[in-house]
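The values are calculated or read from the model by the stated rules, or taken from the named source; none is laboratory data. Since the model is a prediction, treat every value here as computed from it, not as a measurement. Note that we place each Cβ from the backbone using ideal geometry, even for glycine, and neighbour counts take in every protein chain shown.
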């Protein structure tokens with residue numbers, strides 16, 4: 001057994017070195033952020049820098065989360081991301097099902113429009129959305145950011161949901177139709193239950209995109225108490241006295257839940273994206 | 001008898017079914033019309049006006065904004081920055097993505113490794129920007145420290161403070177953030193290549209490198225073309241990371257068109273001027289989008 005492992009290490013030596021290198025390069029920034037967040041002041045500003053904290057501390061987390069504005073940012077982000085996700089799931093599920101299963105005039109055109117909308121970046125929509133949303137007085141509520149995030153996430157969500165609806169065997173629908181089910185009942189009782197995992201994972205992907213978004217979040221909200229986490233964090237860095245320990249702690253606290261959520265759904269994400277993407 | 005019933009049932013169901021499909025698509029189409037199509041048109045409209053961020057009234061000034069852009073010397077520099085940023089980032093992320101896709105395409109590598117390698121895709125740009133600023137900090141940053149020790153930069157200096165290297169840092173960080181997408185698409189394409197081709201080639205005495213050149217690469221051509229086009233659109237318009245790391249500095253050396261648009265709009269409040277900048281950026285990428293959409297839809301003929 002031992003000999004086998006040794007042999008396989010020998011045979012794959014360069015491969016393993018490459019894997020290791022890639023893993024270090026990919027992991028380093030995140031590792032460094034987390035490692036820094038547990039270092040006390042003295043170690044944080046030591047030269048040469050320490051790889052791991054010698055006397056790990058939760059000091060930065062305690063001080064960050066005793067600040068009520070920080071808690072506010074987290075709550076704001078949660079409200080915005082959950083609202084975006086909820087509205088998105090409803091509209092995108094209906095839309096994707098319609099595009100995947102029905103045939104009517106203009107269906108192909110709408111599909112092409114969705115894909116084109118997916119290519120429109122936030123920087124292009126920033127100016128008109130700012131004027132529209134400010135004009136409606138919505139930049140003093142969460143509604144403006146949620147609308148902004150929907151423009152970015154809805155096309156993406158529809159696009160990765162189409163393959164999930166496609167995958168449901170036609171026979172399941174036909175059987176229900178023969179039994180006299182109405183079109184709506186076929187959707188509600190047959191299709192929807194089968195597609196729940198795909199829909200939920202697309203929803204979580206939307207949550208992540210919304211949670212991470214910076215540009216529209218910073219532009220579409222006026223009041224300080226409604227700023228999302230990304231905007232709040234970015235403001236820390238532009239303040240004159242940069243509090244690195246707190247920043248690293250908050251960066252870690254912002255990233256960790258997202259990475260955990262993504263790990264949970266990445267199987268569906270891979271499936272949806274590679275099905276909706278190019279076929280060579 | 002049974003068959004007859006099936007056909008009749010099916011016929012009766014169809015018109016109703018199509019109605020439901022149309023009802024289902026309405027919310028999505030309505031949303032896109034109001035919050036995507038209308039804003040894009042509104043943006044084009046604004047580009048012909050002297051609208052300001054705060055003031056409500058504005059007037060038509062025809063092509064004055066566009067004339068101003070093309071006589072602005074900084075515009076040329078920022079276009080050059082945009083091109084450097086985009087080309088370097090796209091080449092970087094596609095090469096790294098392909099290399100890693102080839103790496104995880106081996107039988108021995110599990111899905112755990114793939115999941116780990118996908119993580120950068122979902123790390124918030126703000127978090128990456130903060131870490132980058134921290135490791136590049138001239139006094140305490142670990143990367144700055146390494147560079148200083150190697151004598152590449154001066155004592156207490158940060159790579160982000162030097163024009164050329166600031167852009168290099170941005171590109172490297174962007175490649176780190178965005179390689180997972182090409183990696184995933186390449187990996188899916190690689191999985192789709194018929195294994196028998198490789199077996200046949202090895203029977204004919206082809207080595208690993210020959211199989212790669214004559215089987216793998218040709219199969220990746222279409223994928224690469226589409227990826228290049230899509231990533232050009234995304235990278236040339238990507239704002240968050242460069243803005244949060246350098247803010248366009250030092251001395252405008254990392255200012256690309258998205259940052260220029262943002263500064264014109266929210267720095268100097270020239271909404272009309274900023275709109276015309278974004279129309280120019282949009283027009284120059286329009287063909288890429290059309291190509292991408294046509295290619296993707298026709299590859300997947302059902303859609």
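Matching residues to (1) modelled with pLDDT of 95 or more; (2) buried (at least 21 other Cβ atoms within 10 Å of the Cβ); (3) under 21 Å from the mean Cα position of the chain (by Cα):
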residue: A:176; (1), (2), (3): no, no, no
residue: A:205; (1), (2), (3): no, yes, yes
residue: A:211; (1), (2), (3): yes, yes, yes
residue: A:223; (1), (2), (3): no, no, no
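Against the criterion of being surrounded by fewer than 17 Cβ atoms within 10 Å (Cβ to Cβ) and either within 10 Å of chain B (Cβ to nearest Cβ) or modelled with pLDDT of 85 or more (or both), residue A:227 does not qualify. The single residue among B:224, B:149 that is within 11 Å of another protein chain (Cβ to nearest Cβ) and in contact with a helix residue (DSSP H, G or I) (Cβ under 9 Å, 6 or more places away or on another chain) turns out to be B:224. On the given criteria, is residue A:121 crowded, with 19+ Cβ neighbours inside 10 Å, on the phi < 0 side of the Ramachandran plot and without any contact (Cβ under 8 Å) to a residue 40 or more places away in the chain? The answer is yes for residue A:121.
Taking the stated definitions as given, is residue B:239 modelled with pLDDT of 95 or more, surrounded by fewer than 24 Cβ atoms within 10 Å (Cβ to Cβ) and within 9 Å of chain A (Cβ to nearest Cβ)? Yes. Inspect the range A:247-259 for any residue being touching a residue at least 12 places away in the same chain (Cβ under 8 Å), over 24 Å from residue B:120 (Cβ atoms) and either more than 10 Å from every other protein chain (Cβ to nearest Cβ) or not in a helix (DSSP H, G or I) (or both) and give the result as yes or no. No, that holds for no residue. Of everything in the range B:46-67 that is in contact (Cβ under 8 Å) with a residue 60 or more places away in the chain and not in a loop (DSSP other than H, G, I, E, B), the residue that is surrounded by the fewest Cβ atoms within 10 Å (Cβ to Cβ) is B:66. Checked against (1) assigned to a helix (DSSP H, G or I); (2) at the interface with chain B (Cβ under 7 Å from one of its Cβ atoms), residue A:104 passes all but condition (1).
What about residue A:93, is it under 23 Å from residue B:25 (Cα atoms), assigned by TED's automatic domain parsing to the domain that holds residue A:211, within 16 Å of the chain's Cα centre (by Cα) and surrounded by 19 or more Cβ atoms within 10 Å (Cβ to Cβ)? Judged against the criteria, residue A:93 is not a match. Checked against the criterion of being more than 11 Å from every other protein chain (Cβ to nearest Cβ) and either closer than 30 Å to residue A:173 by Cβ or in contact (Cβ under 8 Å) with a residue 12 or more places away in the chain (or both), the range A:15-30 contains not a single residue that satisfies it.
Among the residues of the range B:75-131, just one is within 8 Å of chain A (Cβ to nearest Cβ), over 27 Å from residue B:254 (Cβ atoms) and crowded, with 23+ Cβ neighbours inside 10 Å, namely B:117. Going by the structure shown, is residue B:85 farther than 23 Å from residue B:232 by Cα and assigned to a helix (DSSP H, G or I)? The answer is no for residue B:85. Which of the following residues is part of a loop (DSSP other than H, G, I, E, B), under 19 Å from the mean Cα position of the chain (by Cα) and on the phi > 0 side of the Ramachandran plot: B:248, B:252? Of B:248, B:252, the one residue that is part of a loop (DSSP other than H, G, I, E, B), under 19 Å from the mean Cα position of the chain (by Cα) and on the phi > 0 side of the Ramachandran plot is B:248. Residue count for the range B:171-226 under the criterion of being outside any helix (DSSP H, G or I) and more than 17 Å from residue A:273 (Cα to Cα): the result is 6.
Residues in the range A:124-150 that are under 17 Å from residue B:265 (Cβ atoms) and surrounded by fewer than 22 Cβ atoms within 10 Å (Cβ to Cβ): A:130, A:131, A:132, A:134, A:135, A:139. What number of residues within the range A:207-221 are closer than 13 Å to residue A:232 by Cβ, at the interface with another protein chain (Cβ under 8 Å from one of its Cβ atoms) and in a helix (DSSP H, G or I)? Qualifying residue count for the region: 1. The test for being under 26 Å from the mean Cα position of the chain (by Cα), within 21 Å of residue A:200 (Cβ to Cβ) and modelled with pLDDT of 85 or more does not hold for residue A:129. Does residue A:186 qualify as being part of a helix (DSSP H, G or I) and within 14 Å of chain B (Cβ to nearest Cβ)? For residue A:186, the condition - part of a helix (DSSP H, G or I) and within 14 Å of chain B (Cβ to nearest Cβ) - is met.
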